[in-house]
Structure formats: structure tokens, C-alpha cells
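Reviewing the structure listed below.
Bear in mind that the values in this text are calculations on the coordinates, not laboratory data. Quick caveat, the model's predicted, so the values are computed rather than measured. Virtual Cβ from ideal backbone geometry, glycine too; neighbours counted across all protein chains shown.
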Amino acid sequence: MMQLSPLKLFGLALILLTFACAALIYLNWTQPAKDDLALMERRVRLEEKLVSAAQKHPEQKEKQTAAADALPSDPAIDGLVRQLGAVEKDAKCVISDISFEKAESDSAPANVDKRPYGLKVVTAELSVSAPDEQAMTRFLQRIETMPRAVTIDAVQLDRQPDQKSGPIAFTVTLSAFYIGQTAGR
């Protein structure tokens with residue numbers, strides 16, 4: 001066997017240390033950068049496919065947007081308030097008060113016999129004043145045709161029995177539906 005001098009051992013150790021450092025540098029910086037680049041390239045290809053599909057079928061995106069407006073994935077109370085504001089303006093009525101109550105359980109409210117699994121409800125009570133019966137009717141019709149999935153549960157007139165015309169104050173109770181998130185998501 002051959003004896004290595006301390007100088008040769010030191011040189012061999014230095015060479016091994018250099019290779020080890022080069023391997024660490026490659027594994028810690030170069031390879032992750034290559035992986036990130038490959039991931040970004042895959043994302044770009046996916047985005048290009050999505051854009052291409054959206055350009056081929058623009059009506060599909062409109063359908064998806066309409067479905068998301070009708071049944072959002074959360075209570076979306078701010079969107080509901082905006083839609084009610086548009087109804088208010090269109091019907092020339094005034095909503096003076098709104099209160100919301102979010103149903104916490106999966107049991108169906110009294111106005112819904114068989115609600116599909118996962119469908120949640122937010123109940124809103126509106127205090128409204130209308131200049132006349134036509135405006136009140138228009139207000140109720142506009143609520144029923146809003147993009148959001150809603151049902152009118154009750155309408156209570158706050159009018160004197162002998163009052164035949166003039167402003168009408170009424171209370172509307174409605175249910176707005178949304179798709180609740182499941183625990184697994």
C-alpha cells in the first residue's frame with residue numbers, strides 16, 4: 001500500500017470539499033430555480049389553454065358568471081345590498097331599514113320544503129316605503145327577478161284600513177340563497 005503524505009491528504013480533502021460545495025450549491029440554488037422555471041412554463045401553457053378555451057366558448061363564461069351571481073359561495077350580503085339598491089331605485093321606493101339573519105343550521109327554513117344539500121340561506125327583513133301601490137308592486141316584482149336567487153317569504157302592509165291611496169309603508173321578509181362551503185374544502 002501506498003502511504004499518502006499529509007500534503008496529498010490535504011489536497012484530496014480540498015478536492016472532495018470543493019465537489020461537496022458544488023453539489024450543495026447545485027441542489028440548493030440551481031435545481032430549485034430550474035424547477036421553478038419548469039413550473040412557470042407549465043402555468044403559462046395552462047393559462048394559454050384557458051384563454052383559448054374562453055375565446056372559443058365565451059357564452060360558457062357568461063353562464064358561469066350568471067350562476068355565481070344567482071348562487072354565490074358565501075352569503076355575499078354586500079352584493080345583495082347592491083342589488084336591492086338597484087331595485088329600490090328602479091321601483092322609486094325607499095328602503096329605510098335592512099336587517100339580516102344568517103341561518104346557522106342545515107335545516108330548511110319554513111318557506112323551503114326540500115332544499116338541496118349545501119344550500120344555505122340568509123334572511124333579510126326590509127322596511128320600505130313606496131309612493132303608491134304600483135311602486136310597491138314594481139318593487140316586489142323586481143326583487144323576484146333579481147340575479148340573486150331569492151324568495152319573498154312575507155309582505156306586511158303598515159297601512160290604515162281606511163287609507164285608499166298615498167304613500168305605503170311595508171315590510172318585506174326575503175330569503176337569499178348561497179352555496180355553503182363544505183368542511184372538506
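In segment 6-56, if the dipole is taken from +1 on Lys/Arg beta carbons and -1 on Asp/Glu beta carbons about the Cα centre, which of Gln31, Val51, Leu12 is farthest to the positive end?
Val51
When you count, for each residue, the other Cβ atoms within 10 Å and take the mean per peptide, how do 172-178, 13-19 rank with the highest first?
Details: 172-178: 21.6, 13-19: 10.0.
For the peptides 172-178, 13-19, the packing ranking is 172-178, 13-19.
Which semi-axes, in whole Å and largest first, does the equivalent ellipsoid of segment 6-56 have when worked out from the alpha carbon gyration tensor as the square roots of 5 times its eigenvalues?
48, 5, 4
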